[in-house]
Amino acid sequence: MTFDVRWPVGLLFLMIGALVAAAGLFGPQPAGPNIDLGWGAVMIVFGAVMVLLAALARRSSSKPEL
Amino acid sequence: MHMGAVDWGILALYLAFVLAIGVLAARRTKSGTDFFLAGRSIPAWVCGLAFISANLGAQEVIGMGASGAKYGIATAHFYWVGAIPAMVFVGVFMMPFYYGSKARSAPEYLRMRFDEKTRTLNALTFALMTIISSGVSMYAMAKLIQTLHVFDIPFEHLGLPQAWIFHFAIVVSALVVLAYIYMGGLRGAIYNEVLQFFLIVAGFAPLVWLGLRQVGGWHGLQTTLGPAYTHAWAGMAHASTNKLGVDWFGLVMGLGFVLSFGYWCTDFLIVQRAMAADSMTSARRTPLIAASVKMFFPFLVILPGLIALALTAAPDRPGAHAPASSGAVATIAQHEPGVIPIKMDSSTGKPMLDAKGHPQLDYDLATPNLLLRYFPTGMLGVGLTALLASFMSGMAGNVTAFNTVWTYDIYQAHIRPEASDEHYLMVGRLATAIGILLSVASAYLASQFNNIMDLIQLIMAFVNAPVFATFLLGMFWKRTTGHGAFVGLATGTLVAALHHGLTLPVDSLVGAKGGWIMVMHSYPSEMAQNFWTAIWAWSACFVVTVAVSLVTKPHDETQLAGLVYSLTPKIGGDKGPWYGNPVILGGIVLAVTVALNLIFR
């Protein structure tokens, strides 16, 4: 393993997810389901899982990545 | 819909991450192997996702949505008959020779197996094809950004003319792709492709969910559009009874066998991703992992087209108008436009009419307009970022394939054979810049012609279809000779050109669409002509290669170990769990694909 791509993927999804969820909470929303809040939350969870997996992989391998 | 601050923020975050990945990948890019092959160090799942992304360019995301609106769910044949079986084949049967031969490119395999002239012929046609397709991808993106009007307001604020949006889109995307490939080479491209893959899914999955909700689910689509759009195999017995205009034989042979195998099994833009894998097993798993995800992509990229059509065709639905076939243009213009707009002639500003005088729909805007209409600020940023990501991944795939083929198969083979690794690394970086410049040039060239998309389909039938016969015979028939391969490949390409010159789809004009020698036969659709061009080209290459091989001197068999199936020891003892075994994985993927075909028959 050289460089764990789960770091940038996870971090980007956490940040975008937070932005989208915030738009869903505070911004104007069309009628119907609040897609911003819902999908923002999904992106946050996905980002968190990616970061967690990357962190676990780094801990289990003896030499640090990157 | 206009972009809000959140949407700009998301777009900016994406660009920052893409460049950051380029910088991080650059730290590990010290040799030619690093730059051109990502150090052969990438885990299988990363290669697999990059494998999907590299193909997920403009033609795929926009084109599949457009075809979905035009032909219905039958578009899924491109996946369930075409791509998936071919991806399983390359993983199970061909990857041992690509990866095992230690070739650095697909043309280089041809040099090891056959000779220099076969490699050079393939390298030159391939290099040309990558430049043109990356240029067309760039052109399609710039055109789309201009048409969607998302940059109109910021450009107005800055006091810049609206015409500059097109140039701005081309220059910015070219610079970003140049930056991360120049720095990180194939590794930079692959890591970004993984990021782009997840973004594309994140941008399109909620669009499909929202859209299906709007049209009343799959059943709603079936009742609105009818069986012709929602059954993939209905009417495939004859070319005249289905929307594609091909019969099942042309479909299975032309698309399923020749074109798809030709693309997925020999196109270096695709194969390069698997060659970067960290082991033989990973290399073989790469296409299979990709296939197990890709077989569900019709739901992500084709369904939006069907949904957009349903929202255009059903007048009682909110935001929809009467279908274009209802007649007078003036009355349509007064209604709120449907999701799929009427195609406008850019030179006259009038709607484009078909042969019967009805206005034509601009299917290319099906997916993007659905996104603009149903995504609120926030998701809009994610959706547009997904579109941008798909354009960049498609372009980057072409550029990394181009720089490798140019450096190893043209420059090292013919211009400077004995230089240091640093020299070739430098040449590779230079080739990246030159490749992108040529792509920009071909993007502007594309804007001069309105039929450039047909041209690219054509080039693929010319280049990929015959070369698949060359690889197939090379890998599985030890008697194939270099002279046989070269003459066969040249003949196959020539026959493709001849077939194209002698046939024409109905209702088309002689020229870029065919018939430029004389019209001997006319096909019910462009797709049928394209499939049959491929079938003829492949068959000609196959027959001539066999014939010439039989009358020329065979290769020394000891030289062919690791390059030909019958002379290579079997790969046994795959370590790891049973589901990691390429053969079992391939079998599962095929079984699910058959099931999908049956469900949507």
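Structural remarks
- Test result for B:Thr404, under 23 Å from B:Leu49 (Cβ atoms), hydroxyl-bearing (Ser, Thr, Tyr), in contact (Cβ under 8 Å) with a residue 24 or more places away in the chain and within 14 Å of chain A (Cβ to nearest Cβ): no
- Selection of first residues in segment B:253-280 that are without any contact (Cβ under 8 Å) to a residue 40 or more places away in the chain and of second residues that are in a loop (DSSP other than H, G, I, E, B), restricted to Cβ pairs under 6 Å at least 6 apart or on distinct chains, gives an empty result.
- Of residues in segment B:356-393 being among the β-branched types (Val, Ile, Thr), within 14 Å of chain A (Cβ to nearest Cβ) and in a helix (DSSP H, G or I), the one nearest to B:Leu178 (Cα to Cα): B:Thr385
- Of all residues in segment B:411-426, those that are in a helix (DSSP H, G or I) have Cβ atoms under 6 Å from Cβ atoms of residues that are aliphatic (A, V, I, L, M), 6 or more apart or on another chain, in B:Tyr411/B:Val427.
- Hey, B:Phe155 in contact with a helix residue (DSSP H, G or I) (Cβ under 7 Å, 6 or more places away or on another chain) and assigned to a helix (DSSP H, G or I) or not: yes
- A count restricted to segment B:236-252 and to residues that are free of Cβ contacts under 8 Å to residues at least 12 places away in the same chain and surrounded by fewer than 17 Cβ atoms within 10 Å (Cβ to Cβ) stands at 4.
Yes/no per residue for (1) touching a helix residue (DSSP H, G or I) at 6+ places or on another chain (Cβ under 6 Å); (2) touching a residue at least 60 places away in the same chain (Cβ under 8 Å); (3) surrounded by fewer than 24 Cβ atoms within 10 Å (Cβ to Cβ):
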site	(1), (2), (3)
B:Ala5	no, no, yes
B:Leu11	yes, yes, yes
B:Val18	yes, yes, no
B:Gly22	yes, yes, no
B:Gly39	yes, yes, yes
B:Ala50	yes, yes, no
B:Ala76	yes, yes, no
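- The condition (being surrounded by 15 or more Cβ atoms within 10 Å (Cβ to Cβ), under 30 Å from B:Gln222 (Cα atoms), of a type outside the set (A, V, I, L, M) and out of contact with any strand residue (DSSP E or B) (no Cβ under 8 Å at 6 or more places or on another chain)) is satisfied by just one residue among B:Asn530, B:Asn581: B:Asn530.
- When segment A:1-25 is filtered for residues that are more than 7 Å from every other protein chain (Cβ to nearest Cβ) and of a type in the set (Gly, Ala, Ser), the ones remaining, listed by number, are A:Gly10, A:Gly17, A:Ala18, A:Ala21, A:Ala22.
- Residue satisfying all of: in segment A:26-58; of a type in the set (Val, Ile, Thr) and in contact with a helix residue (DSSP H, G or I) (Cβ under 7 Å, 6 or more places away or on another chain); nearest to the other protein chains (Cβ to nearest Cβ) among these: A:Ile35
- Index of the failed condition, B:Asn192 passing every other in (1) more than 14 Å from chain A (Cβ to nearest Cβ); (2) out of contact with any strand residue (DSSP E or B) (no Cβ under 9 Å at 6 or more places or on another chain); (3) farther than 17 Å from B:Thr75 by Cβ; (4) at pLDDT 85 or above: (1)
- Count of segment B:514-565 residues, restricted to those that are part of a loop (DSSP other than H, G, I, E, B) and touching a residue at least 24 places away in the same chain (Cβ under 8 Å), is 9.
- Scanning segment B:79-102 for residues that are surrounded by fewer than 24 Cβ atoms within 10 Å (Cβ to Cβ) and over 14 Å from B:Leu590 (Cα atoms) returns B:Phe93, B:Pro96, B:Phe97, B:Tyr99, B:Gly100, B:Ser101, B:Lys102.
- Matching residues in segment B:37-85 - criterion: being within 25 Å of B:Ala25 (Cα to Cα) and of a type in the set (D, E, K, R): B:Arg40
- Candidates B:Ala443, B:Ala419, B:Ala461, B:Ala431, filtered to the one that is under 16 Å from B:Leu175 (Cα atoms) and either touching a Lys or Arg at 6+ places or on another chain (Cβ under 6 Å) or at pLDDT below 90 (or both): B:Ala443
The values are calculated or read from the model by the stated rules, or taken from the named source; none is laboratory data. Bear in mind that the values here come from a model prediction, so they are computed numbers and not experimental data. All Cβ positions, glycine included, derive from the backbone under ideal geometry; neighbour counts span all protein chains shown.
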